[in-house]
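In what follows, a structure is listed as structure tokens, so that the remarks can point back to it.
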């Protein structure tokens, strides 16, 4: 084969491998034939992945556009996008900067700043792929390729070019930045092809540096030093990412913009700057000169890097016939009393599984760095470059920010530790199925360990905050409780999602964790972070209950999937789960909103119709899904009902719920909140028929199927009846107005008890209808 043909085949092999890994995860159900005993594993992950890709593309382009506009405002003295209003406040109009860019070439100060940004993006394109794989891992494909009848230099050129084509992070970063620059340079819709060409010129340089580091240095350094180098790579990479993001913030931080302002002019003559000059060329002569200088730089750098790489690999591609090197010591020292005492203490407090996790953590430097140091770097970089805090002392004055930082560090620690519980087992995961313990109990201990270790970080941040705080109030205690309640919940969520994200059968370690689930975890974490900033106690309570219920539902799904992890063709049998109930409840409220939007009214009659339509659609849809999947545990209304037990249970539960409801209304009459509630009294009296139809007929039929049949029925599979009753009642209560949460919580307990006793939905429906009828009658009468 010719050299070009060889390089083309290597590039195709790399791209085909990436495509197969992605398609195997996203469309796995199209390639695996299900067994006769199970439904086969299906995957709809491609929908979530497509949404994430679109969101990331939009985010990259948006940040790149803000970088250009912010630099035009901040770095160019002649820009008129900044002004001071009559009150002396400073304002920035980015649309003015956009108009200035469209009417004139980029100013030298803007060119310097953009070159600095592009240089950092090129460095990120080197560090991201370098840190995404284990440096000490053998280069199996290269060791195999050198056995082919092809020159080694051809293989090395193919290695560099194939990595250029498959550098996803580099393509995202450089194409987004250069597309925005080309757009503002007047190229309109040809900006994207120009950006693709620019990235195609620069990414071989990034791939050459990547190959020199992970292929060449593997021949010189032992495995331990390579892991240390990988840790340093992560230490440098993240601050660079957050620095570039800080340049694109709506209010660009002075610290980051000062660096851009001080960027030297000679940086424009580097390859990223030459590409920028070529895009900004005003005529063909300038364009030809810029392209010539660019090629004059890139080609010698590539040839020089290839010469160094050939020199590094002159004795072969295997390091002295061994893949690991260790240091031995001739000295033997007896362990001191302190370590023995510590070991005794740990053996007393911690179980063998927890001690094993700590031992593995102490031995793996890369995992140690990612787990214990990386979250601090991430959050610290956000603080420094986004300008939220200038010193630790300011934590005492910004309690909300301190609580968000404490929770954010904890979330990152869990994402990099608890999320990896199964992935870290690697190829020996099958051993966990042979020990005389359930895999669920092992994961539960790991979740407890990582949840406990993670608590240290929020405790330190909140301790520093308390040290610098001068005035204490009860709101600080609420924030502390919110953070410390959220960490155990998200420890369970991280372990559960880690079960679905883990692919123990993957040969490549980089594919053992599916990134889509990582994005889903961070999305759930951002939802809880929003509750930290909320000043309304009911919103905090609602988020806590919903997130806790999500954690229980995910844990149940993960527990069902554990026996089938090592079998790619088998899947757990379909059963009603708490996750089904949460999905049905969410869809129920969304459909109500859509129905009201279509009806075009918001009175009680329209609300009743919308409620009934949404309930019928959800009921029929869930029934169809369960029938199609032949699911077990589907709730029934009357089939198989014991009439005496059901009616007696309904009577007792209805009496208890109504007594609590009447007492609550009586007490509410003596509060200021009663006046606010009675403002809607005339509306209720004027539409009694519709109110009764909604509360006594529609609500019991629809809500009991979802909250008792699906949510309580799903929770009952994983916990005892009292715990399932409390959790389902809490979920039922938080979807109601704050003023009625307490009696509705009691109603949820009573209906769950009736359902547990009767095993059919008729009893809780009767309880719900009786309670609503009594409460509405009292409100009409009063």
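Where a number appears in this text, it was derived from the coordinates with a stated rule and is not lab data. Note that the structure is predicted; figures quoted are calculated from it, not measured. Neighbour counts run over all protein chains shown; Cβ positions are idealised from the backbone, glycine included.
Estimate the FRET efficiency between residue 606 and residue 523 by the formula 1/(1 + (r/R0)^6), using the beta-carbon distance for r and 30 Å for R0, to the nearest 0.05. All intermediate terms of the calculation are to be shown ahead of the outcome.
Details: r = 33 Å, r/R0 = 1.09.
So, using R0 = 30 Å, E works out to roughly 0.35.
Sort 554-563, 398-407, 6-15 for me by packing, meaning the mean count of neighbouring Cβ atoms within 10 Å per residue, highest on top. Provide the component values of the computation, followed by the final result.
Values: 554-563: 19.6, 398-407: 21.9, 6-15: 16.6.
Result, highest mean first: 398-407, 554-563, 6-15.
Counting alpha carbon pairs within less than 8 Å and at least 6 residues apart, what relative contact order, in whole percent, applies to region 348-570? Write down the numbers at each step before the final one.
On the way: 227 pairs, mean separation 54.5, N = 223.
Value for region 348-570: 24 percent.
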inquiry  = Just to verify a number: FRET efficiency for residue 255 and residue 232, C-beta to C-beta distance, R0 = 30 Å, to 0.05?
reply    = 0.85
query = In nanometres, what is the gap between the two model label sites at residue 355 and residue 55, each 7 Å from Cα along Cα-to-Cβ?
reply = 4.3
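How long are the semi-axes of the equivalent ellipsoid of region 142-198, defined as square roots of 5 times the Cα gyration tensor eigenvalues? Whole Å, largest first. Walk me through the numbers before you get to the answer.
Details: eigenvalues 250, 21, 8 Å².
Those come to 35, 10, 6 Å.
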remark   = Quick note on 624, 367, ordering by fewest other C-beta atoms within 10 Å, gives 624, 367
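Residue 400 to residue 648: extension gain in nm, 0.36 nm per residue of separation minus the Cα-Cα distance?
Details: separation 248, 0.36 × 248 = 89.28 nm, distance 5.06 nm.
Working it through step by step, the gained length comes to 84.2 nm.
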ask   = How far is it, in nm, from the label point at residue 98 to the one at residue 535 when both lie 7 Å from their Cα along the line to the Cβ?
value = 3.3
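How do 704, 756 line up, fewest other C-beta atoms within 10 Å first?
On the way: 704 28, 756 19.
So the ranking, lowest neighbour count to highest, is 756, 704.
Could you please rank 298, 483, placing first whichever residue has the fewest other Cβ atoms within 10 Å of its Cβ?
Details: 298 18, 483 24.
Taking fewest neighbouring Cβ atoms as first place, the list is 298, 483.
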inquiry  = How compact is region 574-782 by the rule of thumb for globular proteins, expressed as Cα Rg over 2.2 N^0.38 Å?
reply    = 1.02
key: Within region 144-179, backbone nitrogen closer than 14 Å to the virtual label 7 Å beyond the Cα of residue 3 toward Cβ   = 150-161
request  = Can you tell me the FRET efficiency between residue 481 and residue 587 if r is taken as the Cβ-Cβ distance and R0 is 45 Å, rounded to the nearest 0.05?
outcome  = 0.90
query = Along the Cα-to-C-beta direction of residue 599, a point sits 7 Å from the Cα; which residues of region 619-641 have their amide N less than 18 Å from that point?
reply = 619
task = Please give the length that would be gained between residue 152 and residue 630 if that part of the chain were fully extended, namely 0.36 nm times their separation in residues minus their C-alpha to C-alpha distance (nm, one decimal).
result = 166.3 nm
inquiry  = Give the separation of the Cα centroids, region 526-564 to region 93-107, in Å.
reply    = 45
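So how much slack lies between residue 219 and residue 430, counting 0.36 nm per residue of separation and subtracting their Cα-Cα distance, in nm? Display every interim value, and only then the final one.
On the way: separation 211, 0.36 × 211 = 75.96 nm, distance 3.29 nm.
That pair, residue 219 and residue 430, stretches by 72.7 nm at full extension.
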note = Mean Cβ-within-10 Å packing, highest first, puts peptides 642-653, 530-541, 442-453 in the order 442-453, 642-653, 530-541
